[in-house]
Amino acid sequence: MNVLVVDVGGTNVKLLATGQTERRRFPSGREMTPRRMIAGVRKAAEGWSWDVVSLGYPGFVIRGKPVAEPHNLAHGWVGFDFTAAFGCPVKVINDAAMQALGNYKGGKMLFLGFGTGFGTTLIVDGVVEPMELGHLPYRRATYEDYVGAAALEKAGKKKWRKDVADVIGKLVAALEPDDIVLGGGNARKLKELPDGCRVGDGTAAFRGGFRLWERPL
């Protein structure tokens, strides 16, 4: 069975299919609707073949369906029929959860994704629990407002790194994980990793997408 993995982010849509070695991508952003995403995927994946699709979605997903519109894309994702649009079976999962699944080695793992936004997932003994902790109140705004990409650009690396360390410390103290994985494009901009943390594999989202079809969602 050939799997097409589509990782939808606030800045780019990235994709990889079974048997391929070259990851492909195209820009997303606040004008990106699901129909535009589908069209972009078909164009970017030209020459590839697949039987099923894994879709990493940057928002809240319940029972394989988006239940809230994404913060960094256009609206229209809730209620969209991805299976009909792709013309094959589709499994939709929170994008941070897909990255987390690709990085998971066992036990109780906390995944924190520092990309355009701030993704969070907990995996306990193989059970994936996506969490939208990034939008919980923190100081005068939310966690994402302090550690997302916009905060990095606005506050600068030094202040951003300090806020990231504080946020990680608070979440680790509350959730008590065995393993802490930092992912997303900005994780590598940390000068020093907090105790017990490791930077996730850059290909983990794709590995997680392939794993989705090896296990029930």
Subset of the range 129-182, residues among the basic types (Lys, Arg) and farther than 23 Å from Asp195 by Cα, comes to Arg139, Arg140, Lys154
Scanning the range 95-112 for residues that are open to solvent by 10 Å² or more (accessible area, probe 1.4 Å) and of a type outside the set (S, T, N, Q), the one nearest to the chain's Cα centre (by Cα) turns out to be Asp95
Here the qualifying pairs (Cβ atoms under 8 Å; residues six or more apart or on different chains; first in the range 161-185 and within 15 Å of Leu136 (Cα to Cα) and in contact (Cβ under 8 Å) with a residue 24 or more places away in the chain; second in a helix (DSSP H, G or I) and hydroxyl-bearing (Ser, Thr, Tyr)) come out as Val167/Tyr143; Val167/Tyr146
Being of a type outside the set (Ser, Thr, Tyr), under 18 Å from Gly200 (Cβ atoms), open to solvent by 10 Å² or more (accessible area, probe 1.4 Å) and not in a helix (DSSP H, G or I): is that true of Val128 here?
yes
All conditions in (1) part of a helix (DSSP H, G or I); (2) open to solvent by less than 30 Å² (accessible area, probe 1.4 Å); (3) of a type outside the set (A, V, I, L, M, F, W, C); (4) within 16 Å of Gly9 (Cβ to Cβ) are true of Thr121 except (1)
*asked:* Criterion first (under 26 Å from Thr18 (Cα atoms), part of a strand (DSSP E or B), more than 14 Å from the chain's Cα centre (by Cα) and at pLDDT 95 or above) does Val53 satisfy it?
replied: yes
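The values are calculated or read from the model by the stated rules, or taken from the named source; none is laboratory data. Because the structure is predicted, anything quoted here is derived from the model rather than measured. All Cβ positions, glycine included, derive from the backbone under ideal geometry; neighbour counts span all protein chains shown. Heads up: the accessible areas ignore ligands, DNA and RNA and are worked out on the full protein's heavy atoms, side chains in. Shrake-Rupley method; radii C 1.70, N 1.55, O 1.52, S 1.80 Å.
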